[in-house]
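Q: Dropping the structure in here first, questions after.
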Amino acid sequence: MAKPPKNHGKTWTNSDNKALKQLASQNTPTRVIGLKMGRTADAVQSHASEIGVSLKPTNQSPYGTKKK
């Protein structure tokens, strides 16, 4: 069985929330955020949803629309 991340089961602090918001604003992939914060990608996704942080990339065009 895989080793749990270092912050497994710990509550999210205000500084964790700030770091999550900053990384999300920089379009950091969810998996990378999880690695940097010592959490799973699922935990990051779930908590971001709880606190209203969007993890969708902001600098990419929707599928099927190319800039000319």
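Q: Charges only on Cβ, +1 for Lys and Arg, -1 for Asp and Glu: so what's the dipole of the range 1-62 about the Cα centre, in debye to the nearest 20?
A: 200 debye
Q: Compute the signed sum of charges (Lys and Arg +1, Asp and Glu -1) over the other residues within less than 13 Å, Cβ to Cβ, of residue 30.
A: +3
Q: Next question. With a 1.4 Å probe and all protein chains kept in place, how do 53, 44 rank by accessible area, largest first?
A: 53, 44
The values are calculated or read from the model by the stated rules, or taken from the named source; none is laboratory data. The structure presented is a predicted model; accordingly, all values stated were derived computationally and were not measured. Counting neighbours? That spans all protein chains shown, and the Cβs are built from the backbone with ideal geometry, glycine included. Surface areas here come from the heavy atoms of the whole protein model, side chains and all, with no ligands, DNA or RNA. Shrake-Rupley method; radii C 1.70, N 1.55, O 1.52, S 1.80 Å.
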